[in-house]
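Values in this text are rule-based calculations from the coordinates and carry no lab data. Quantities reported herein were computed from a predicted structural model and do not represent experimental measurements. In this analysis, Cβ positions are derived from the backbone assuming ideal geometry, glycine residues included, and neighbour counts consider all displayed protein chains.
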């Protein structure tokens, strides 16, 4: 077996003859043995329990139920950023049509892969319009707490539905 030389690296010609053939066979056998040992470790008897698998096994960096529930909860507002690996959702300013002189912006951060209350952080900014200018206004702590409760309740419901099916 010969390799075509590629610039700028040129390989040395491969050895031929009976000793080279034995060396390649020994190398192939060693690689095959290593691969078999590595693969044998993959088939252990310990399997994740269903409730752990549903909460932990996902393709995003954070808890999938919290992520889906947070997106559903803030779906009324336009999104500026949604980073599932970092667990950050940022909405653009949203003004309720019933109250156009006030607008809110939300930032939701999911901090963990577990479905826990302390794995969720909601921050809100509120502005009111005065004389055509938007001025910062306080956000009631109860409003933020209510948003967190809504997201957690939806996440728990999504988890229950997934485990039931």
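What is the order of 89, 150, fewest Cβ neighbours within 10 Å to most? Walk me through the numbers on the way to the answer.
On the way: 89 23, 150 16.
So the residues, fewest neighbours to most, are 150, 89.
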Fully extended contour minus Cα-Cα distance, from residue 96 to residue 72, at 0.36 nm per residue: 6.9 nm
Potential extension, residue 153-residue 80 segment - 0.36 nm per residue separation minus Cα distance: 23.9 nm
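FRET efficiency for residue 116 and residue 139, Cβ-Cβ distance as r, R0 = 25 Å, nearest 0.05? Walk me through the intermediate numbers first.
Details: r = 24 Å, r/R0 = 0.94.
Using R0 = 25 Å, I get an efficiency of 0.60.
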